[in-house]
Amino acid sequence: MQQQQLLPLPEGLPGFEEALATLDEIILTIYKALENGAYKVSAYRDAEAPNEILDAGFAASILRFHSSKVIKNIGTDFELEDWIEDSITFMGMSFYYKKYHVRILKGPHGELPGCGDSVKKKGFYNQLPSLYLIGTETIESICNVIVLWNFGPAYNLEQLRLALPAKGASGAEHVSAYWNKPMPYPAGMMQTLPSSAPSDDGMDKIVKPQTLPMPPQEDEGKTNVR
């Protein structure tokens, strides 16, 4: 599955276990938010286009729209980003947490997507620090990490991966990382279906679906993200 080059970890950057420990309090929320987004994609496909394959960019947009409602509240300076590689849209989300700059990207086959022509994205992969605000205080990030997600059969969510990028490049085949490993499911997160359909504001009942219950009801309120 993983073909991209892994480089030796330099001093000053976190190892995989250290990064997991830093992000520990938000891993469950990320999993549940993305699970809910994947559920919405699968429910839409079953209702509107049974047995058809949805456009990749459209499916990713649905997942991002629903998961961002939760993810935007777990860090600082949340942003929606469009990552393009070979004319395929990889819908991204970006935020800061405990001086980590975190991006959530669609990563087919568990690999990092390419950066295209974006100098900013290549800088992120190359571990260039960036600045953000907490109140009136300017903070500099200490590392850049990527949470990779991908659809499985029937648009369920595959196990997430956490990666520390090392070198950016236009195409995915030239991208490298210091490490790229499966992100463990949080303790207590069941791997069975819920007894009732989830809703966007009932995140505590979201679990990893394998088959679909009845489509959930949408939230009545509107949530705007930038």
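Laboratory data are not the source of any read-out in this text; all were calculated from the coordinates shown. Predicted model only: the values in this text are computed from it and were never measured. For neighbour counting, all protein chains shown are included, and Cβ atoms are generated from backbone atoms with ideal geometry for every residue, glycine included.
Using the alpha carbons alone, the radius of gyration of the stretch 12-195 stands to its Kirkwood radius in an Rg to Rh ratio of 0.96. Computed from backbone phi, the HN-Hα couplings of the stretch 17-27 come to 5, 5, 5, 4, 5, 5, 8, 3, 6, 10, 4 Hz, rounded to whole numbers (Karplus: 6.51 cos²θ - 1.76 cosθ + 1.60, θ = phi - 60°; Gly and Pro given as x). Each label was represented as a point 7 Å from its Cα along the Cα-to-Cβ direction; for residue 126 and residue 58 these points are 3.8 nm apart.
Sequence-ordered 3J(HN,Hα) estimates for the stretch 62-71 from the Karplus curve with 6.51, -1.76 and 1.60 and θ = phi - 60° stand at 4, 4, 5, 4, 7, 5, 5, 4, 9, 4 Hz, glycine and proline given as x. Using equal-weight Cα scatterers in the Debye expression, the normalised intensity of the stretch 18-78 in log10 at q = 0.14, 0.25, 0.27 Å⁻¹ is -0.47, -0.98, -1.07.
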